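Colleague: Handing you a structure now.
The values are calculated or read from the model by the stated rules, or taken from the named source; none is laboratory data. Owing to the predicted nature of the structure, the values given are computational and were not obtained by experimental measurement. Neighbour counts run over all protein chains shown; Cβ positions are idealised from the backbone, glycine included.
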Amino acid sequence: MALDASVQQLRNFVLDHPRLMVMTGAGISQKSGIPTYRDGAGTWTSSQPIQHREFMHDATVRKRYWARSYKGWPNVASARPNLAHFALRHLEELEYVQFLVTQNIDRLHQKAGQQEVIDLHGRLDQVVCMDCGEIGSREDVQKWLEAHNSYLDNLRVTQRPDGDAEIEGAALKEMRLPSCTYCSGLIKPNVVFYGGLVEKKIISRVFDQLSKCDALLVVGSSLMVYSSYRYCKFAHDHAMPILCVNEGITRADELFSLKVKADCAVTLEQLADSLPSRR
Ligand SMILES: [Zn+2]
């Protein structure tokens, strides 16, 4: 079967630059039932995300978060990788993908078997104590919430990408907050909320990996947050080509050497199937 012209272009590019760093965003998890925050035009489609400062300083914000998260978490926990995740895993097996950085917190790349992954914005299947640093299991928090806040089961919700959900008419006064099992301190999902900081060692590890690659491939991200945009800027400043597969506009459109506006699952699958193994 003849390849689409855009896939052919991507293929030629990858053959010329066979050591890729891949950066993925919410667009890749959409078909796994995890909705994106931004539509194709890059604007918010739901209410504003949780702010780090508010979560840390306001118990009401934490109650609202955990009530919504209680409803949203099962959807994330049971989500399965889709064809786009498997196509990237295939590209890694063929030895074109050296390294993958994701803005997603759903662990779907790891579930697809991807070996070299950095979770830039953390992982939703863990909680972290902000007082003692202990890492705990999000699933254990779910059980605790279920045991101590049974009325949560009757709340109506709609899903959001961070495992959060919109709560309608919730009376949150009664809500009991989970805490650290070691020190009773304040726990937070082990993710970077809006306005929170990505750990310095993670930022430099990604720069380090990127500098060893031939090209950067952006998939399913609008790159609106600086934590991901900075790597495009770095690649561009170092004359490293940037490829993008994304249906909507992105903040870095003018920095790309090649952009394919198409479904990322279909495009990546065709690309992986068309490439010879480098092993
Ligand atoms: Zn603690």
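Colleague: Run LEU177 past the list (1) out of contact with any Phe, Trp or Tyr (no Cβ under 7 Å at 6 or more places or on another chain); (2) outside the structural domain of TYR226 (by TED's automatic domain parsing) and report the number of the one that doesn't hold.
Modeller: Answer for LEU177: the failing condition is (1).
Colleague: Out of (1) more than 16 Å from the ligand (Cβ to nearest atom); (2) surrounded by fewer than 19 Cβ atoms within 10 Å (Cβ to Cβ); (3) of a type in the set (Val, Ile, Thr), the odd one out for THR181 is which?
Modeller: Of the numbered conditions (1) more than 16 Å from the ligand (Cβ to nearest atom); (2) surrounded by fewer than 19 Cβ atoms within 10 Å (Cβ to Cβ); (3) of a type in the set (Val, Ile, Thr), the odd one out for THR181 is (1).
Colleague: Could you tell me which of the residues ARG156, ARG176, ARG160 is modelled with pLDDT under 95, more than 16 Å from the ligand (Cβ to nearest atom), surrounded by fewer than 19 Cβ atoms within 10 Å (Cβ to Cβ) and within 26 Å of the chain's Cα centre (by Cα)?
Modeller: ARG156
Colleague: For region 118-135, does any single residue satisfy the condition of being of a type in the set (Lys, Arg), touching a residue at least 12 places away in the same chain (Cβ under 8 Å) and within 30 Å of LYS200 (Cα to Cα)?
Modeller: Looking for residues that are of a type in the set (Lys, Arg), touching a residue at least 12 places away in the same chain (Cβ under 8 Å) and within 30 Å of LYS200 (Cα to Cα), one finds at least one in region 118-135, hence yes.
Colleague: When you go through ALA67, ALA87 one by one, which is the residue that is buried (at least 18 other Cβ atoms within 10 Å of the Cβ) and at pLDDT 90 or above? Outline the logic, then answer.
Modeller: Numbers: ALA67 fails: at pLDDT 90 or above.
Testing whether each residue is buried (at least 18 other Cβ atoms within 10 Å of the Cβ) and at pLDDT 90 or above leaves just ALA87.
Colleague: Search region 243-266 for residues that are assigned by TED's automatic domain parsing to the domain that holds GLY25 and pair each with any residue that is of a type in the set (S, T, N, Q) and surrounded by fewer than 18 Cβ atoms within 10 Å (Cβ to Cβ) when their beta-carbon atoms are under 7 Å apart and the residues are at least 6 apart or on different chains.
Modeller: LEU243/SER257; LEU258/GLN9; VAL260/SER6; ALA262/SER6
Colleague: LYS188 - would you say it is among the basic types (Lys, Arg), at pLDDT 90 or above and surrounded by 11 or more Cβ atoms within 10 Å (Cβ to Cβ)? Quick ask: steps written out before the conclusion?
Modeller: Working: among the basic types (Lys, Arg): yes; at pLDDT 90 or above: yes; surrounded by 11 or more Cβ atoms within 10 Å (Cβ to Cβ): yes.
Yes, satisfied.
Colleague: Cβ contacts < 7 Å: first residue in a strand (DSSP E or B), restricted to region 183-206; second residue of a type in the set (Phe, Trp, Tyr) and surrounded by 13 or more Cβ atoms within 10 Å (Cβ to Cβ), any location; separation 6+ or different chain. Result?
Modeller: LYS188/PHE55
Colleague: Might you let me know whether region 238-253 holds any residue that is of a type in the set (Val, Ile, Thr), under 21 Å from ALA87 (Cα atoms) and not in a helix (DSSP H, G or I)?
Modeller: Checked region 238-253: at least one residue is of a type in the set (Val, Ile, Thr), under 21 Å from ALA87 (Cα atoms) and not in a helix (DSSP H, G or I).
Colleague: Criterion first (within 30 Å of TYR182 (Cβ to Cβ) and within 16 Å of the ligand (Cβ to nearest atom)) does GLY136 satisfy it?
Modeller: Working: within 30 Å of TYR182 (Cβ to Cβ): yes; within 16 Å of the ligand (Cβ to nearest atom): yes.
Here the answer is yes, as GLY136 does meet what is asked.
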